Amino acid sequence: MNSLHFIKKLLITTCFFVISSSVSFSQTEQWDIYEVVLKAKTNKNPYTEVNLSATFQYKNRQIEVSGFYDGEENYKIRFMPDKTGEWIYLTKSNVKALDGKKGKFTCVSASPNNHGPVKVKETFQFEYTDGTPYYPVGTTSYAWTSMSDELINQTIETLSNNAFNKIRMCVFPKIYSTYIRTDPQYYPFEGTKEDGWNYDQFNPKFFQHLERCIDSLRALNIEADLILFHPYDFGTWGFDRMPDEVNDRYLRYIIARLGSYRNIWWSLCNEFEIMKSMDMDDWDRLFKITMEEDPYMHLRSIHNAIQWYDYTKPWVTHLSLQTIELLNIQKWRNEFQKPVVIDECVYEGNIPTDWGNLTGEEMLERFWVTYTRGGYATHGETYLNADTVLWWSKGGKLYGKSPERIDFMRSIMEDAPADGVVPYESAWNKSTYLYKGDEYFLHYFGNAQQVAASLDLPEDKKYTAEIIDTWNMTITKAEGVYSGKAFVDLPQKPYLALRVRAVKE
């Protein structure tokens, strides 16, 4: 594994304290979590009848943040400061013991591996808030947080030794065919699936457990692409058919708890049109709530099965697609003017369904085609084993051939010009190569096996060329320099790329 990709352990300087007087003081680093904890006894339902928020102020700028109840008479407000210096805050509540509490803290500079939340950069790309480029190299493990502690720890260990910097994951437990039928350790509401859920009472232990998992990802600089709703319940628990007011309350609650985590992306749903209890108006409403409740404006999208959501809507930051029509990526870029993330292009594995038995070669091919067409791909793995622990659903270990080669590909992505590359568009619209002005070109040849690459370079510049074997993970410098119309000899084999860079004078 490329050692530049991950820091095995990141010290997170989150401050927790209980206010015992009207004023408190502490500090946290930029883009980390500052947490206010208030104690209060009340006869009100803390989830439906208690209102709690705080206004955080930096100089003349104010940000309002919602609070939440975390059980055992603990009310919390979490805040992610984005500016260094002194912040002050004032709480507001309909409960006297929680109202009018003042405090201040100092926001110090971020540690070297804390780059802030990921944002859209220049329409089609991503970057961290501090300007560091971010290249989504994602994977999928929908229900890993619902597994045993042993399996969760194994998943984290696997992620710490791979290139993936984003993971698609569900909040609610999931059931699907014979591949996953696991009850989680905790449930999001008080009650039982046999006797019913009390939708007016969240279960803090469920959300605390989820937070520990997201903390583990944050320590590895991995983005949690959090799927807030999904249809893979089929009446087992009923979380796919909750009343509108419960959906809205749950959404506000989870944003209050997790919005201060810098490594969160909001995915409203996976295969949203399969969730028959919701229609387009519902999804629009939930998107609007997400925007209203999240003061940090984390990335937001929704994942399709066949039908598409209208990704032109202002609350969608990027396309999150299930498709194998990768040659349309440039068309979608032009149409929607947003980054394109192919979050499901079928999985490497061997299960007897057409969406889960790609070879490692084909999985890698789809990553490279997606990237050189101007998008970003997401990995998944569905290899059967004796315990039916498929990475795609439960996490655990990876067995496929593509992850280490995706790691190598990520190093190529990160070695491209930091200010971004663009896909070449031709009349045939089949080209798979990227360029940056007349300084950088990256051609991908896929499963072709030509003996040479034809180049059409500026006459007045000199270029070097490198042959990249994407499968064997080698880079071989071609002899000589090139200008104008030129040919570079290639091995007659598939899965090659050619990187051409201008010679600096």
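No lab work stands behind these numbers, since they all come straight from the coordinates. What you see is a predicted model, and the numbers here were worked out from it, not measured in a lab. When we count neighbours, we look across all protein chains shown, and the Cβ atoms used for this are built from the backbone with ideal geometry, even at glycine.
Beyond a 26 Å Cα-Cα separation, which of these cross-linked pairs lie in this structure: 121/276; 193/394; 83/313; 276/338; 119/288?
On the way: 121/276 35 Å; 193/394 21 Å; 83/313 30 Å; 276/338 28 Å; 119/288 19 Å.
Flagged as over cut-off: 121/276; 83/313; 276/338.
Hey, for a label at residue 148 modelled as a point 7 Å past Cα toward Cβ, could you say which residues of the range 392-426 have their backbone N under 19 Å away?
392-398
Order of 436, 101 from fewest to most other C-beta atoms within 10 Å?
436, 101
What ranking of 218, 168, 252 emerges when the number of other C-beta atoms within 10 Å of each C-beta is taken as an exposure proxy, fewest first?
Placing the least packed residue first, the sequence is 252, 218, 168.
For the range 240-321, what is the relative contact order in percent, using Cα pairs closer than 8 Å and at least 6 residues apart in sequence? Before the final figure, lay out the partial values.
Details: 89 pairs, mean separation 28.0, N = 82.
Value for the range 240-321: 34 percent.
Can you sort 80, 275 so the residue with the fewest Cβ neighbours within 10 Å comes first?
Working: 80 24, 275 20.
Result, fewest neighbours first: 275, 80.
What number, in percent, do you get for the relative contact order of the chain if the mean sequence gap of Cα pairs under 8 Å and at least 6 apart is divided by its residue count?
12
Does the range 15-108 come out rounded, prolate or oblate by the C-alpha gyration tensor, with a ≥ b ≥ c the root eigenvalues, rounded set by a/c under 1.5 and, if not, prolate when a/b is larger than b/c and oblate if not?
Prolate shape, in that a/c is at least 1.5 and a/b is the bigger ratio.
Which net charge results when you count Lys and Arg as +1 and Asp and Glu as -1 among the other residues whose beta-carbon is under 9 Å from that of residue 259?
Details: positive: 78, 257; negative: 293, 294.
Once all neighbours under 9 Å are counted, the net charge is 0.
Under the Karplus relation 6.51 cos²θ - 1.76 cosθ + 1.60, θ = phi - 60°, what is the ordered set of whole-Hz ³J(HN,Hα) values for the range 346-353, x standing for Gly and Pro?
Couplings: 6, 10, 6, x, 9, 6, x, 10 Hz.
I want the local charge near residue 200. Using Cβ-Cβ distances under 11 Å, sum +1 for each Lys or Arg and -1 for each Asp or Glu among the other residues.
On the way: positive: 249; negative: 49, 190, 245.
Counting the neighbours of residue 200, the net charge comes to -2.
With runs of 4+ DSSP H residues as the only contributors, calculate the mean residue ellipticity of the chain at 222 nm using -39,500 (n - 2.57) per run, divided by the residue total and rounded to the nearest 500. Mind dumping the intermediate values first?
Numbers: 8 runs with 95 residues, N = 505.
For the chain, the value works out to -6000 deg cm²/dmol.
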